[in-house]
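All remarks here apply to the structure that follows.
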Amino acid sequence: MAAQLPDNLFAQSKNRIFFAVAGIVLLANMLALSNPHWFSETQAPEWPFAFDFLIVLPLVFLLVHGPGKRISWLGAATVASFGVFAGSWLLPAESKYVWLWLEPLRYILVLAAVTVQFVLVARIVRDTRSGPKHLHVEDRLAHAVLRRLGSGMFSNVIRFESRVWLYAFGWKGLDGSFGNGQHFSTHLQNGNASNQQGFLVLIAAEIPLAHFLIYLFSPLLAWVVTGLSVYGMIFLVAEYRATLRRPITVTDDAVRIRYGVIDDFVIRRTDIAKVEHFTGRPNRAKGRVRCRGAGGTNVRIELMPNTLI
């Protein structure tokens, strides 16, 4: 994550606006479907649901994110696709007429979404490989994601997810240069990396045992739990390897905080009010970022009022 800029803050606000509207629309439709007498019918009609989820919400998404962007149209199509799925789950069978034609399209929508994602990933990988060679592969990957998806919540999620897979399975280029500045690691801080390694051993031993025990009661649930556990294992491997390889960088005008596989942000030196030694466990609080990992804390950085990171 780069230094926080006003447009990043505005992008986050746009996402909050859309999700707030979507939540209100969803709740209103669920309430209407449970009260068909509002429409003087025994079953709630499907047209209000179709209007809200196939027309209103995609239009709201376009208006909030800007109709002049290709990613906005892709997002609006995704919203409409979710509307089809939501209607399949929420609309009673007696109310479905249009949905009888739309429901078979679900699989086509899934295939189209997978195809679009595959093409997008392929282009991001291509941009990463052709990016400036003086940059670390992680930074080239982040620039490629920003180029294809722009800034905002979705882009931040994709950049985080790309770091997970990069550090879990990537080998070539991970030890490259992170640019100018003074770099230092936190893998030795209170046994940070060694503690993570211990967690990996425990989880690796627990996965097959848990799968066997759950399989005795529900094979489907066993595979679901095992799949989630394997993904959690991938994340922990990425966190461990990122702890060993991702440094915190201090330059003349800024401090870039890379901590594990999650945190990546920049603090300008002019935004720092105080730096002090700190021991103990920092409590969670609004406006506070904790970079603790599986180790401990030894530094607290206090920022100037109204500083965004």
Original post:
Restricting the search to segment 248-270, which residues are farther than 24 Å from Asn195 by Cα, open to solvent by less than 60 Å² (accessible area, probe 1.4 Å) and of a type in the set (S, T, N, Q)?
Top reply: Thr251
Subject >> Residues satisfying the stated conditions in segment 43-56, i.e. among the aliphatic types (A, V, I, L, M) and either closer than 9 Å to Gly83 by Cα or without any contact (Cβ under 8 Å) to a residue 24 or more places away in the chain (or both) >> reply: Ala50, Leu54, Ile55
Subject >> Boolean, Phe61 is within 24 Å of Leu109 (Cα to Cα), at pLDDT 85 or above and within 21 Å of the chain's Cα centre (by Cα) >> reply: yes
Subject >> The listed residue being closer than 23 Å to Glu161 by Cα and open to solvent by 40 Å² or more (accessible area, probe 1.4 Å), out of Phe199, Phe217 >> reply: Phe199
Original post:
Which of (1) at pLDDT 80 or above; (2) polar (S, T, N, Q); (3) over 24 Å from the mean Cα position of the chain (by Cα) does Ser81 not meet, given it meets every other one?
Top reply: (3)
Original post:
Which numbered condition trips up Gln117, out of (1) free of Cβ contacts under 8 Å to residues at least 40 places away in the same chain; (2) open to solvent by less than 80 Å² (accessible area, probe 1.4 Å); (3) among the polar types (S, T, N, Q)?
Top reply: (2)
Subject >> Where a residue in segment 84-109 is closer than 18 Å to Pro58 by Cβ and its partner, wherever it lies, is open to solvent by 80 Å² or more (accessible area, probe 1.4 Å), with Cβ under 9 Å and at least six apart >> reply: Leu90/Met30; Val98/Trp47
Original post:
Of the residues in segment 79-114, how many are open to solvent by 60 Å² or more (accessible area, probe 1.4 Å) and out of contact with any helix residue (DSSP H, G or I) (no Cβ under 7 Å at 6 or more places or on another chain)?
Top reply: 13
Original post:
So which residues in segment 139-157 are in a helix (DSSP H, G or I) and either charged (D, E, K, R) or open to solvent by 50 Å² or more (accessible area, probe 1.4 Å) (or both), if there are any at all?
Top reply: Asp139, Arg140, His143, Leu146, Arg147, Arg148, Met153, Phe154, Val157
**OP:** Output the residues belonging to segment 279-297 that are over 20 Å from Glu239 (Cα atoms) and not small (Gly, Ala, Ser).
**Re:** Thr279, Arg281, Pro282, Asn283, Arg284, Lys286, Arg288
**OP:** Residue by residue through segment 271-309, note down the ones that are within 28 Å of Asn195 (Cα to Cα), open to solvent by less than 40 Å² (accessible area, probe 1.4 Å) and in contact with a helix residue (DSSP H, G or I) (Cβ under 7 Å, 6 or more places away or on another chain).
**Re:** Ala294, Gly295, Gly296
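For (1) of a type in the set (Gly, Ala, Ser); (2) part of a loop (DSSP other than H, G, I, E, B); (3) at pLDDT below 90, each residue gets a yes or a no:
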residue: Glu161; (1), (2), (3): no, no, yes
residue: Leu174; (1), (2), (3): no, yes, yes
residue: Ser177; (1), (2), (3): yes, yes, yes
residue: Asn180; (1), (2), (3): no, yes, yes
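The values are calculated or read from the model by the stated rules, or taken from the named source; none is laboratory data. All values derive from a computational prediction rather than experimental measurement. Every residue, glycine as well, gets a Cβ built from its backbone with ideal geometry; the counts of neighbours run over all protein chains shown. For accessibility, only protein heavy atoms count, side chains too; no ligands or nucleic acids. Shrake-Rupley method; radii C 1.70, N 1.55, O 1.52, S 1.80 Å.
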